[in-house]
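K.L.:
Handing you this structure, nothing more for now.
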Amino acid sequence: MAYYGASDQHATRLTAYLTQSAQGAAANPVLVSAALNDPARPVFHPSGVNGGLTPRADYVGAAYDAGGTLWGGLVKQLGTPDAQGTVATTGLVARMGEPAPPAPAPPAPAASVRSSACASRRQVVFHLPAGSRGARAWVQGRPARVVRGARHTVAVDLRGTTRREIRVRLAARSRSGATIRRVSVLHLCRGG
């Protein structure tokens, strides 16, 4: 069955629906219904004199195709009435599909995964040799933001990091142009 309807009994804007049942001859059949359009964008607005424009029932219908799929056809308004009260319309044809399968349940957390309560609150300061310049830092192999502090210090921000063990690699240049390298392994979840 194809029809216009609304969830509010006083609604003046209507949505197109299809309803079907595989148990039509049963005493208490199960009916399956679906809106053919987004209910936030109704397809019919009674807009004639005193709201008297009603959907034309002779252009509403439903039929099954050879594969057993229910199709419905209704009238969809394209705008408001013109000066003569005529409303441009088009046909709305849609089918009833299979319901979407239920979403899979999210996986249970593994027993070895630590909670976010272990997130680091640290900003670690590294002291470099006197005269060093152009310091760069990498955390777990990825470039990290370097905050240049007092002379010959580099602060590496690890706040929010949830890994228990972090490898920090530093590189800088000495006055003579030699590369200074330092690798540190930090254990973040021991006291924050």
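For every residue, the table says whether it meets (1) in a loop (DSSP other than H, G, I, E, B); (2) modelled with pLDDT under 85; (3) touching a Cys at 6+ places or on another chain (Cβ under 9 Å); (4) within 16 Å of THR15 (Cβ to Cβ).
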position: LEU53; (1), (2), (3), (4): yes, yes, no, no
position: ASP58; (1), (2), (3), (4): no, yes, no, no
position: GLY67; (1), (2), (3), (4): yes, yes, no, no
position: GLY73; (1), (2), (3), (4): no, no, no, yes
position: GLY85; (1), (2), (3), (4): yes, yes, no, no
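Rundown of residues vs (1) closer than 19 Å to LEU92 by Cβ; (2) modelled with pLDDT of 80 or more, yes/no style:
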residue: ALA2; (1), (2): yes, yes
residue: GLN9; (1), (2): no, no
residue: LEU18; (1), (2): yes, yes
residue: SER21; (1), (2): no, yes
residue: SER33; (1), (2): yes, yes
residue: VAL43; (1), (2): yes, yes
residue: PRO46; (1), (2): yes, no
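K.L.:
I would also like to ask the following. Kindly evaluate PRO109 against the criterion of being modelled with pLDDT of 80 or more and either within 30 Å of LEU188 (Cβ to Cβ) or assigned to a loop (DSSP other than H, G, I, E, B) (or both). Break it down stepwise before answering.
P.N.:
On the way: modelled with pLDDT of 80 or more: no; either within 30 Å of LEU188 (Cβ to Cβ) or assigned to a loop (DSSP other than H, G, I, E, B) (or both): yes.
So PRO109 does not fit the description; no.
K.L.:
Additional query: Kindly provide the set of residues from segment 161-185 that are among the aliphatic types (A, V, I, L, M) and under 36 Å from the mean Cα position of the chain (by Cα), ordered by number.
P.N.:
Those that are among the aliphatic types (A, V, I, L, M) and under 36 Å from the mean Cα position of the chain (by Cα): ILE166, VAL168.
K.L.:
I need a count of the residues in segment 132-142 that are surrounded by fewer than 18 Cβ atoms within 10 Å (Cβ to Cβ) and over 11 Å from ALA171 (Cβ atoms).
P.N.:
4
The values are calculated or read from the model by the stated rules, or taken from the named source; none is laboratory data. In this text the structure is predicted, and so the values were computed from the model without any measurement. Backbone-built Cβ (ideal geometry, glycine too); neighbour counts: all protein chains shown.
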